[in-house]
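Here the structure is laid out as structure tokens; the discussion comes afterwards.
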Amino acid sequence: MGKNSVNVYYDDKHDILVIKLKEDRATDTIELAEDVFAIINGKGEIIEIEIWRAKELIATAMADKIAEKVKTLIKEKA
């Protein structure tokens, strides 16, 4: 992984989406939201983000955005 590259991969067996921001040793994990975690290095930098139950969380977020947009379009046409 290059200095400024981001690596994204999906663990299908465990349904975890991993966004690797930086290659470094993890020293801590912070829960950002339910089943969303930031992996931290010794300098306090986020080096990785993990989204557990990724299919459910991402699909729900996308469905909410689509529903919001449809409601807005319906209101505009009314």
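We did not get these values from a lab; they are worked out from the coordinates using the rules stated. Just so we're clear, the structure is a prediction, and the values are computed from it rather than from any experiment. All Cβ positions, even for glycine, are placed from backbone atoms using ideal geometry, and neighbour counts span all protein chains on display.
Placing unit charges on the Cβ atoms of the charged side chains and taking the dipole of the chain about its Cα centre, the candidate lying farthest along the positive direction among Trp52, Ile74, Val8 is Ile74. Restricting the stretch 22-78 to GluC sites (Glu not before Pro) that sit in a DSSP loop and have at most 11 other Cβ atoms within 10 Å of their own Cβ leaves Glu34.
Taking H placed 1.01 Å from N in the peptide plane, check which residues at least 5 places from Ile47 or on another chain put their amide H under 5 Å from its amide H. Those lying under 5 Å, H to H, from Ile47 are Ile39, Ile40, Asn41. Helix 54-77 and the long axis of the chain differ in direction by around 30°, with both axes built from C-alpha atoms. Computed 3J(HN,Hα) for the stretch 17-33, one whole-Hz value per residue from the Karplus formula 6.51 cos²θ - 1.76 cosθ + 1.60 where θ = phi - 60°, is 8, 10, 10, 8, 8, 7, 7, 6, 7, 6, 10, 7, 10, 10, 7, 7, 7, glycine and proline marked x.
Ignoring aspartates and glutamates fewer than eight residues from Lys43 along the same chain, the ones with Cα atoms less than 19 angstrom from its Cα are Glu23, Asp24, Asp28, Glu31.
For Lys77, the lysines whose Cα falls under 29 Å of its own Cα, not counting residues fewer than eight places away in the same chain, are Lys65, Lys69.
Each helix, a run of at least 4 DSSP H residues, gives -39500 (n - 2.57); summed and divided by the residues of the chain, these come to -11000 deg cm²/dmol at 222 nm.
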